[in-house]
1. Got a number for residues in the range 64-85 being modelled with pLDDT of 75 or more and either farther than 14 Å from ALA31 by Cα or open to solvent by 60 Å² or more (accessible area, probe 1.4 Å) (or both)?
2. Just to be sure I understand, how many residues within the range 3-34 are within 20 Å of ALA69 (Cα to Cα) and without any contact (Cβ under 8 Å) to a residue 40 or more places away in the chain?
3. For PRO99, all conditions in the list (1) open to solvent by 30 Å² or more (accessible area, probe 1.4 Å); (2) over 14 Å from the mean Cα position of the chain (by Cα); (3) in contact (Cβ under 8 Å) with a residue 24 or more places away in the chain; (4) under 26 Å from ASP20 (Cβ atoms) hold save one; what is the number of the exception?
4. Have a look at CYS104, CYS84 and point out the one that is in a strand (DSSP E or B) and in contact with a helix residue (DSSP H, G or I) (Cβ under 6 Å, 6 or more places away or on another chain).
5. Here is a list: SER37, SER6, SER49. Which entry is open to solvent by 60 Å² or more (accessible area, probe 1.4 Å) and either modelled with pLDDT of 90 or more or of a type in the set (S, T, N, Q) (or both)?
6. List the number of the failed condition for LEU60; all other conditions in (1) modelled with pLDDT of 80 or more; (2) in a loop (DSSP other than H, G, I, E, B) hold.
7. Kindly list the number of the only condition in (1) open to solvent by 50 Å² or more (accessible area, probe 1.4 Å); (2) in a helix (DSSP H, G or I) that fails for MET110.
Amino acid sequence: LDPLPSDWIGFYPCTEKATDPPFKVEPDFWAYTCYDSICRDLPIQDAVSADTVVFSDATLPPFGGGGTALHKYIADAEAEGGGCYVVLLNKFEGFSPPPYYNLCEGNEIMLPDKSG
């Protein structure tokens, strides 16, 4: 892959894989590949092609987690029952509404059920 600074990582409920088209909604939470800022206007040579990113509510950028009408905190997802999530690397191009340009489908992860 040839990443751009505007590429981003989104977490989608696994049920979104079966929709037509797949992943046609906003992710529950997300961040740009630079993680802690809005990096979509950085020069192309600043794109990160490999790194480790740890998502947590304490470090999730405000625009990609809870506090917005479209997104939630990880703790909110767990309080709603947790469950299976798919990690996607997406491309931001053109208009913002989904579906986005899915570059790479990552692993499925399980968030714990903390509803009880």
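1. 13
2. Step one: filter the range 3-34 for residues within 20 Å of ALA69 (Cα to Cα), giving 8-13, 16, 23-32.
Remaining after also requiring without any contact (Cβ under 8 Å) to a residue 40 or more places away in the chain: 31-32.
Residues that pass the stated criteria total 2.
3. (2)
4. CYS84
5. SER49
6. Of everything listed in (1) modelled with pLDDT of 80 or more; (2) in a loop (DSSP other than H, G, I, E, B), LEU60 misses just condition (1).
7. Of the numbered conditions (1) open to solvent by 50 Å² or more (accessible area, probe 1.4 Å); (2) in a helix (DSSP H, G or I), the odd one out for MET110 is (2).
Conditions tested, residue by residue: (1) within 16 Å of the chain's Cα centre (by Cα); (2) open to solvent by 80 Å² or more (accessible area, probe 1.4 Å).
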residue: THR19; (1), (2): no, no
residue: PHE23; (1), (2): yes, no
residue: PHE29; (1), (2): yes, no
residue: VAL54; (1), (2): yes, yes
residue: ALA58; (1), (2): yes, yes
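The values are calculated or read from the model by the stated rules, or taken from the named source; none is laboratory data. The structure presented is a predicted model; accordingly, all values stated were derived computationally and were not measured. Glycine gets a Cβ as well: all are built from the backbone with ideal geometry, and neighbour counts include every protein chain shown. What goes into the accessible areas is simple: the full protein's heavy atoms, side chains included, and nothing from ligands, DNA or RNA. Shrake-Rupley method; radii C 1.70, N 1.55, O 1.52, S 1.80 Å.
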